[in-house]
Amino acid sequence: MPDMSEPSLSESLRTAHTYELSPADLLEIRTLLTGAFEGDFGDEDFDHALGGVHALLYEGEELVAHGSVVQRRVICDGRSLRAGYVEAVAVRADRRRRGYGDRVMDVLEQVIDGAYALGALSASDTGALLYRARGWRLWQGPITALGPAGRVPLPEESGSTYVRGAGNRVLPDVSREICFDWRDGDVL
């Protein structure tokens, strides 16, 4: 079995802020995400992945993995914190189990460590395996969002919201309430 810890000569990893991506890049990312999520990736999901730093992993000229980190605000322990929120992590179906998700997350976690108080994300059951293995912790307390009419409970996000302390910063108490900023579509 080949060593999956080091990229092959045909692999390359690119980072770019959304503003640096061309329309062709954005279409390529959207196509990858639509395929990887088997068509369950809509316009609002794609919009949530924009406005931050993207990690793009290529095999030769083909995009095979993607993830991005965007800024969100969370209220926790009486403080408003800048959170690096991980979005749209996906690996093309025929390229899974090669360590590509880990390579993308390595880059996104570096961004979080350098720019945010904590990292946060909402994981599918399959994705949760990757994040737990990387030290992300499941949020145990109530999860809410600050909507147009005030706080909105998000009980459906219980069991899928993960957090990670950024750099050497202490992670807030995961048993307390965390309140995310509002956005259209899936809030988390």
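The values are calculated or read from the model by the stated rules, or taken from the named source; none is laboratory data. Computed from a predicted structure; not experimentally measured. Ideal geometry is used to build each Cβ from the backbone, glycine not excepted, and the neighbour counts take in all protein chains shown. Areas reflect the complete protein model, heavy atoms only, side chains present, ligands, DNA and RNA absent. Shrake-Rupley method; radii C 1.70, N 1.55, O 1.52, S 1.80 Å.
List of remarks:
- Think of a 1.4 Å ball rolled over the protein heavy atoms: the stretch 1-97 then has 55 Å² of accessible area per residue.
- Distance between the stretch 21-37 and the stretch 121-179 - C-alpha centres, whole angstrom: 27
- In the chain, the calculated helix contribution to ellipticity at 222 nm averages -7500 deg cm²/dmol per residue, counting -39,500 (n - 2.57) for every DSSP H run with n ≥ 4.
- Comparing Arg79, Arg92, Arg137 in a Gaussian network model of the chain (Cα springs below 10 Å), the most mobile by mean-square fluctuation is Arg79.
- Most mobile listed residue (Pro155, Pro142, Pro172) in the chain, GNM with C-alpha springs under 10 Å: Pro155
- Summing Cβ point charges (Lys, Arg +1; Asp, Glu -1) relative to the Cα centre of the chain gives a dipole of roughly 760 debye.
- Normalising the Debye intensity of the stretch 133-172 to I(0), with uniform scatterers on Cα atoms only, and taking log10 at q = 0.22 Å⁻¹ returns -0.79.
- Rg ratio for the chain: its Cα radius of gyration over 2.2 N^0.38 Å, N being its residue count, equals 1.02.
- In this simple spin-label approximation, Ala93 and Leu171 carry label points 7 Å from Cα along the Cα→Cβ vector, and these lie 3.3 nm apart.
- Highest-MSF residue in the chain out of Ala133, Ala36, Ala123 [GNM, Cα springs under 10 Å]: Ala133
- Ligands, DNA and RNA are left out, and with a 1.4 angstrom probe the accessible area of the stretch 113-165 is 49 Å² per residue.
- Carbon/sulfur fraction of accessible area - the chain, other protein chains in place, 1.4 Å, %: 50
- Taken as entire DSSP H runs, the helices of the chain that both span 18 Å or more between Cα atoms along their own long axis and average -0.5 or more on the Kyte-Doolittle scale are 23-36, 100-115.
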